[in-house]
Amino acid sequence: MEATIIVVVFILILKKSGRPEMMKNIWKGVGAGVVASIITAILFKLVIGSFEDNEAWFEGVLMLASAALIAVVVFHLIKHHSKEELERIAEGAISDQEKGAKALSAIAFLSVWREGSETVLFMSAGTETSWAILGLIIGISAAVMLGWLMLSKGVRIDIKRLFTITTVLLIFVGAGLAAHGVHELQEEEVGLIPVYDDEFWNVNPQWDGTGEAPILHDKGLVGGTLRAMLGWNGNPTMLEFFTWAGYLTVMGILYKRDTESHTPAEESQSLL
């Protein structure tokens, strides 16, 4: 979603500035970013294959790394959530006749590649089911549709509000990954982190582990969705819960402090 908005804002500025010839440079950057993301996914898959004998170790470390990466992404969104900031980047590139085209292409490439690389990491750490693939397809489709509506239909987008929603969701996803990473490193075959309480609570419906999980179980349809989006766990260990709550608390405080520090000029909410 973030990469889509950056690319669309650049294209709209080029249209308004009468520089349509520079648009091809943006699309070159987007294409290169997609290719780089695919290559990253292939390389990452090859690396994962060598960790099969130490799956719990690998998943635990990967989830904690993903939670840390989400924190970085969140603060990137916080500091680049206004139309004015995106416009300044694009207009600075346009004004430089010699390097402007390369600059726009590089920004588009890095935006798409960064988001693609993050997606590879999140997909590897977040879930093992085919629902993740469906969610990935829906998410990418929604981002592309949003970009098309903005470009072709002139739809007005409240950038600040959109980034606020995605940021809050990312914080919850990060909290869930951090807690699940702790869980993996508490597994008996790893034992890196001690277990002080096997089940801080257990509200999962009874299930023998065969067939489909009950819908409200944290591996079922509803419970699993809440687990993926909000980090919900029906039977966490004590440290899992405090990791989840601590991540939310720290990120929430930092997010609130950072957003409140913006000036009114940075809080422009309309894209068009």
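The values are calculated or read from the model by the stated rules, or taken from the named source; none is laboratory data. Here the structure is a predicted model, which means the values were calculated and not measured. Virtual Cβ from ideal backbone geometry, glycine too; neighbours counted across all protein chains shown.
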Test: residue in the range 178-190 that is in a loop (DSSP other than H, G, I, E, B) and small (Gly, Ala, Ser): no
All positions within the range 250-272 that are at pLDDT 85 or above and more than 19 Å from the chain's Cα centre (by Cα): 253
Checklist (1) over 18 Å from residue 65 (Cα atoms); (2) part of a loop (DSSP other than H, G, I, E, B) applied to residue 254, failing item: (2)
Condition broken by residue 221, with the remaining ones in (1) more than 24 Å from residue 170 (Cβ to Cβ); (2) of a type in the set (A, V, I, L, M); (3) without any contact (Cβ under 8 Å) to a residue 40 or more places away in the chain satisfied: (1)
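Tell me, which helices (runs of 4 or more DSSP H) wholly within the range 75-171 include 3 or more residues that are modelled with pLDDT of 75 or more, crowded, with 16+ Cβ neighbours inside 10 Å and not acidic (Asp, Glu)? Outline the logic, then answer.
On the way: elements: 83-95, 100-126, 131-152.
Qualifying helices (runs of 4 or more DSSP H): 100-126, 131-152.
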Selection status of residue 236, modelled with pLDDT of 80 or more, buried (at least 20 other Cβ atoms within 10 Å of the Cβ) and either of a type in the set (Val, Ile, Thr) or assigned to a loop (DSSP other than H, G, I, E, B) (or both): yes
